[in-house]
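What follows is calculated from the coordinates using simple rules that are stated; it is not laboratory data. Just so it is clear, the structure is predicted and the values come from calculations on it, not from any experiment. FYI the Cβ positions are ideal-geometry reconstructions off the backbone, even for glycines, and counts take in every protein chain you see.
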Amino acid sequence: MLYGTPPRYEHPAARGSLALFVRGIGGMDTGQHRPLSRTRPRRQRRRSPRGPERTAQFLVRGLAALILIGLVAMSAFFVFGGERRHDAAAATDPRAGQLASRTVDNAPLTVEEVFPDSREVRPPAARPYRITLTHTDADCRTATTGQLGALLTVHGCSQVVRAGMTAPFDGYEVTAGLFNLADEAGAGVVDDRLRELVETGDGGFATLPAARTVPDTLPTSQVGWRTSGHYLLYCVINRSDGKLVSSDDPVAERITRDLVDSYLVSTVLGRRASP
C-alpha cells in the first residue's frame, strides 16, 4: 500500500492527525510497505549572465544611449541651424527691412500700383481674374465688419486698397486687397487676433460690392489672409449662388494662393520692396 504525504500548506494539527491515521493503517498491512519520504522542490538558482552575454548587454545599452544622444543632437542642429539660416537670409536680403514700417516705406499705396490693369488681375502661372470694381479709402473701417476696424485703427492703419473680382472658376466671386498699417509689429498683433474674430463672427472683411446678407444667417464666405511687413493682405471668397464655401474647398485654396500669395505678396509688394 502506498503512503502519501499531506500538502505542505495544510494546518500543522491537521497534518499530525492524518499522519497518525496513516500509520495506524500501516500497522495492519502484512506486506512490505515503502517508507514515507518527504521531498522539497529544488530552488532554481538564477544564474548570472556569462561573460559574452554580459558584454552583449552592455553593448546594446551603449548603442541605444548613443542613438538617443544622436537624435537629440540632430534635433538641436536643425532648430538652431534653421534660425541661423533665417537670420542670415534676413541680413543678406537687400529688401530686408524695407517693408518693416511706414517710416522706411512711406509712399502711400494707390489703386494704379496695386491694380495697374483696371480690367483684370494676372497672378503668376494662373488665369486672369476679371475686375468688377476697385476702391481705396483712408478709413480702413469701410472695408471691415465688426471689431476688426477698431483693431486696425489702434495699430495705425492709414489706408485700404481693394478690388472686387470674378474668379476664373465657375461661380466664384472674390474681394481682395491690402491694409497699410504702421509697422510690422502691429500687423503681427492684428494677425494673432484676426482668427478669433473671424471664427466667432465678431469681425472680418467686407466684400466689394457689399454682400446682401439676410440677418441672423450663418456666413457662407471663406476668408484667407496673411501679413507681410507692415501690410495685411486678404481675400474673401463667395459663391454667386449663395452656397457655402467650405474651409476645405480646393477652389478657395487655389484662389487664396493666386491672389494673396502670388499676386499681392510676390508681385505687388515685391515691386515695392525692390531697390
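Details
- Kirkwood Rh in Å, taken over segment 111-273 so that all alpha-carbon pairs contribute: 15.7
- Theoretical gain in end-to-end length, Q57 to S262 [0.36 nm per residue, Cα-Cα removed]: 68.1 nm
- Length released on extending from E112 to I69, taking residue separation times 0.36 nm less the Cα-Cα span: 9.7 nm
- Environment charge of R193, counting only residues whose C-beta is closer than 15 Å and scoring Lys/Arg +1, Asp/Glu -1: -3
- Fewest-first ranking of F205, F115, using other Cβ atoms within 10 Å as the exposure measure: F115, F205
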